[in-house]
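Below you'll find the structure, written out as structure tokens, and then a few comments.
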Amino acid sequence: MVDNRSKKLKVEENLEEEYIDEELILSFEKFQEVQEELAEINEKQSNEVLKVEQQYHEIRKTIYDKRNQIIKTLPNFWLKAFMSHPVLNDILNHEERENFNPNPYFENEKLTKAFTILEDGTTKITTTPIKWKEGKLTCEQEDDEEDEDTNDEIVGDYQYSPELIHLVLEEERERKNR
């Protein structure tokens, strides 16, 4: 009889396990449905938030443009703003501070000079073309019959853009006359 009772217990345990498994599966399915609902709501929210952000971005852009126009009329606004900032003031050096001042000779805000070492070992130097202000170019520029690719010329051991050649030659003349 002991055998019958143990068989009966095993059958009951199996039924309970099946019932628990089915109940567990149903719970997980319901859980998954709720999760999908949440994901759908979150997706809708994200889309709505994005639309609102885009609308306000356009509104802010218009206001920023107005503000930038006003800032352009304020002398040395950015220099003063940076100099008033506790961290930026310590970082800016004299040369960087001078970048805020307009140049009396040319319109460019910045001039650059790039050195490129070619495979054959030569150095190619390219410079920013200078946009001279009215009446500030002290001598006439000669027409360059060089390639259109480069505006550079070599004077002595140095390579200069045509806009700077007259300054270099003038300096050399002054040095010789001393």
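The values are calculated or read from the model by the stated rules, or taken from the named source; none is laboratory data. Quick caveat: nothing in here was measured; it's all calculated off a predicted structure. Note that we place each Cβ from the backbone using ideal geometry, even for glycine, and neighbour counts take in every protein chain shown.
Just give me the residues in segment 79-88 being surrounded by 11 or more Cβ atoms within 10 Å (Cβ to Cβ) and either in a helix (DSSP H, G or I) or polar (S, T, N, Q) (or both), in sequence order.
Answer for segment 79-88, where residues must be surrounded by 11 or more Cβ atoms within 10 Å (Cβ to Cβ) and either in a helix (DSSP H, G or I) or polar (S, T, N, Q) (or both): Leu79, Lys80, Ala81, Phe82, Met83, Leu88.
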Can you name the residue in segment 51-78 that is surrounded by 10 or more Cβ atoms within 10 Å (Cβ to Cβ) and not in a helix (DSSP H, G or I) and is also modelled with the highest pLDDT among such residues? Leu74
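Here's the yes/no breakdown for (1) in contact with a Lys or Arg (Cβ under 9 Å, 6 or more places away or on another chain); (2) among the basic types (Lys, Arg); (3) surrounded by 10 or more Cβ atoms within 10 Å (Cβ to Cβ); (4) modelled with pLDDT under 90:
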site: Met1; (1), (2), (3), (4): no, no, no, yes
site: Leu9; (1), (2), (3), (4): no, no, yes, yes
site: Glu12; (1), (2), (3), (4): no, no, yes, yes
site: Tyr19; (1), (2), (3), (4): no, no, yes, yes
site: Gln35; (1), (2), (3), (4): no, no, yes, no
site: Glu40; (1), (2), (3), (4): no, no, yes, no
site: Glu43; (1), (2), (3), (4): no, no, yes, no
site: Val49; (1), (2), (3), (4): no, no, yes, no
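So is Pro102 in a loop (DSSP other than H, G, I, E, B) and either at pLDDT 80 or above or aromatic (Phe, Trp, Tyr) (or both) or not?
Criteria not met by Pro102.
Suppose the filter is outside any helix (DSSP H, G or I), surrounded by 12 or more Cβ atoms within 10 Å (Cβ to Cβ) and either among the small types (Gly, Ala, Ser) or at pLDDT 80 or above (or both); does Lys124 pass it? Before you say what the answer is, go through the steps one by one.
On the way: outside any helix (DSSP H, G or I): yes; surrounded by 12 or more Cβ atoms within 10 Å (Cβ to Cβ): yes; either among the small types (Gly, Ala, Ser) or at pLDDT 80 or above (or both): yes.
Criteria met by Lys124.
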